[in-house]
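In what follows, a single structure is set out as structure tokens and then discussed.
The values are calculated or read from the model by the stated rules, or taken from the named source; none is laboratory data. Predicted model, so just to flag it, every value in this text is computed and none were measured. Cβ sites come from the backbone with ideal geometry, for glycine too, and all protein chains shown count toward neighbours.
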Amino acid sequence: MLLLGTRPEAIKLAPVARAMAASSLFEPMVVTTGQHREMLDQMLGLLGVGVKTDLAVMRDRQRLPELTARLVAGLGAAIRTERPDVVVVQGDTTTALCGALAAFYERVPVAHVEAGLRTGVLDNPFPEELNRRLIGRMAFWHFAPTARSAAHLRAEGVPAEQVITTGNTVVDNLLWVLREGTGRSAFRTGARRVLLTLHRRENQGHRMRAMGAALRQLADRGDVEIVLPLHRSPAVRDALLPELAGHPAVTVVEPLDYLDFAATLAACDLVLTDSGGVQEEAPSLGKPALVLRTTTERPEAVEAGAARLVGTDPQAILAAAVRLLDDRAEYGRMAQARHPFGDGRAAEHIVARLAEDFKGGPVRAGRSGAKEDDGRPLGDGASGSYDPTA
Ligand code: UD1
Ligand code: UDP
């Protein structure tokens with residue numbers, strides 16, 4: 001059972017769904033929570049598998065406690081009804097957290113795709129850092145995109161044989177979609193092309209409004225076009241639209257479907273973003289990315305020289321963008337394709353490992369890969385190591 005509820009989960013689980021559908025060993029079943037509505041529906045075509053159940057949980061301006069309650073109850077029921085052999089969750093959303101929790105309660109083993117990302121700051125990003133740490137306590141298989149994320153998990157006590165380094169499935173999808181090649185860029189002019197995405201909860205409100213004001217100053221330069229595919233969150237719209245709507249150098253568009261977003265990314269000169277997925281995609285296409293956050297769980301892009309963590313201070317953001325636009329040498333150093341997040345075969349590795357482990361029959365449910373802090377294994381008190389035939 002592939003559980004997903006938001007745009008990035010659909011994008012990043014699509015390669016897994018496609019790979020499972022192509023394998024005679026698996027029968028992938030997609031359950032969506034509808035944590036996102038329009039932005040999720042826009043991506044479902046990528047999965048290549050129909051949706052079995054949709055919980056339709058989204059509410060306008062949803063708050064996390066109520067969303068969590070709806071999700072745990074709904075997902076528990078779906079898992080109880082379907083009794084899958086494995087529940088696959090992705091990343092660090094509330095859907096992923098609640099999916100792992102509901103599966104653990106129903107004693108169905110959990111596979112976590114994009115495991116082990118950490119900023120080390122519990123409330124930044126909020127609430128994702130907590131979510132992914134909690135999923136790391138509940139999952140059996142931990143599919144880590146990079147060596148660093150795998151190391152985080154081992155350091156937290158997850159047995160090494162349950163940590164599998166695969167690359168990030170977002171690269172699989174990006175390369176697949178660019179091969180399809182039918183998207184259209186949202187840029188309208190020949191000016192310097194800046195792609196902007198902002199949505200993080202910890203930036204919403206006053207901070208995001210101030211960031212919008214700084215980006216308006218960037219647009220005032222007269223030699224740039226900023227394309228802003230606007231997240232559907234009303235909190236994001238409240239913050240950004242008063243500053244950026246109507247500016248002749250700012251093209252505000254509704255969320256782009258993945259083909260068009262990939263084409264827009266491929267066409268841009270510079271990326272400004274607080275998105276996780278966009279931080280991973282930009283280096284693959286050699287697009288310099290300024291990360292508008294105070295922390296990142298994806299330092300691999302920064303270390304590779306493809307991204308810079310510029311923080312959320314409006315003047316610092318403006319200065320960093322201006323510098324990159326004006327300093328050709330600096331720009332040239334960043335604008336080289338690099339692949340810190342994988343080679344596009346992550347889903348293949350994930351499905352191969354699950355296939356190997358399921359050869360001996362269903363994996364026993366309710367066993368966690370993470371050890372308690374005192375070093376004793378969770379669950380039945382048996383060894384934390386994994387025996388697929390148990
Ligand atoms: C959520 C995830 C975040 C992820 C982001 C991807 C959590 C806690 N947060 O962000 O990790 O990076 O999605 O985009 O899981 N809305 C719509 N239509 C949509 C989507 C959202 O109207 O298609 C509106 C609704 O009013 C909704 C609000 O946006 O209540 C916020 O949606 P939500 O999923 O809670 O977004 P975030 O938490 O900001
Ligand atoms: N994306 C998209 N259309 C858009 C904006 C983003 O398809 O208009 C894709 C983008 O390519 C990336 C993903 O959405 O793969 C990122 O989602 P988001 O920024 O909402 O969430 P995050 O990655 O921060 O969790």
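If a residue has to be crowded, with 21+ Cβ neighbours inside 10 Å and more than 14 Å from ligand 1 (Cβ to nearest atom) to count, how many in the range 282-309 make the cut?
Adding up the residues that qualify gives 11.
As an exercise: evaluate ALA267 against (1) at pLDDT below 95; (2) in contact with a Phe, Trp or Tyr (Cβ under 7 Å, 6 or more places away or on another chain) and give the number of the one condition it does not meet.
Of (1) at pLDDT below 95; (2) in contact with a Phe, Trp or Tyr (Cβ under 7 Å, 6 or more places away or on another chain), only one is false for ALA267: (1).
Name the residues in the range 316-356 that are assigned to a loop (DSSP other than H, G, I, E, B) and in contact with a Ser or Thr (Cβ under 9 Å, 6 or more places away or on another chain), would you?
ALA337, ARG338, HIS339, PRO340, PHE341, GLY342, GLY344, ARG345
Please go through the range 17-48 and give me each residue that is in contact (Cβ under 8 Å) with a residue 40 or more places away in the chain, away from ligand 2 (no atom under 16 Å from the Cβ), hydrophobic (A, V, I, L, M, F, W, C) and part of a loop (DSSP other than H, G, I, E, B), ordered by number.
Within the range 17-48, LEU25, PHE26, MET29 qualify.
When LYS287 is evaluated against the numbered criteria (1) of a type outside the set (Val, Ile, Thr); (2) in a loop (DSSP other than H, G, I, E, B); (3) out of contact with any Cys (no Cβ under 7 Å at 6 or more places or on another chain), which criterion, by number, is the only one it fails?
(3)
Across the range 45-70, what is the number of residues that are within 26 Å of ALA21 (Cα to Cα), hydrophobic (A, V, I, L, M, F, W, C) and touching a helix residue (DSSP H, G or I) at 6+ places or on another chain (Cβ under 6 Å)?
4
Write out, first by first residue and then by second, each pair whose Cβ atoms fall under 9 Å of each other, whose residues are 6+ apart or on separate chains, and whose first residue, in the range 267-284, is more than 13 Å from VAL170 (Cβ to Cβ) while the second is near ligand 2 (Cβ under 7 Å from one of its atoms) and in a strand (DSSP E or B).
VAL271/THR197; LEU272/THR197; THR273/THR197; ASP274/THR197
Looking only at strands (runs of 3 or more DSSP E) that lie completely in the range 132-249, which have at least 3 residues being over 27 Å from LEU44 (Cα atoms) and touching a strand residue (DSSP E or B) at 6+ places or on another chain (Cβ under 9 Å)?
Qualifying strands (runs of 3 or more DSSP E): 192-197, 224-229.
When you scan the range 223-251, how many residues do you find that are within 24 Å of ASP313 (Cα to Cα) and more than 16 Å from ligand 1 (Cβ to nearest atom)?
14
So, PRO109, is that one at pLDDT 95 or above, more than 16 Å from ligand 1 (Cβ to nearest atom), within 28 Å of ALA21 (Cβ to Cβ) and surrounded by fewer than 24 Cβ atoms within 10 Å (Cβ to Cβ) or not?
no
Inside the range 71-118, can you point out the residues that are in contact with an Asp or Glu (Cβ under 8 Å, 6 or more places away or on another chain), touching a residue at least 40 places away in the same chain (Cβ under 8 Å) and small (Gly, Ala, Ser)?
GLY91, ALA96 - these are the residues of the range 71-118 that are in contact with an Asp or Glu (Cβ under 8 Å, 6 or more places away or on another chain), touching a residue at least 40 places away in the same chain (Cβ under 8 Å) and small (Gly, Ala, Ser).
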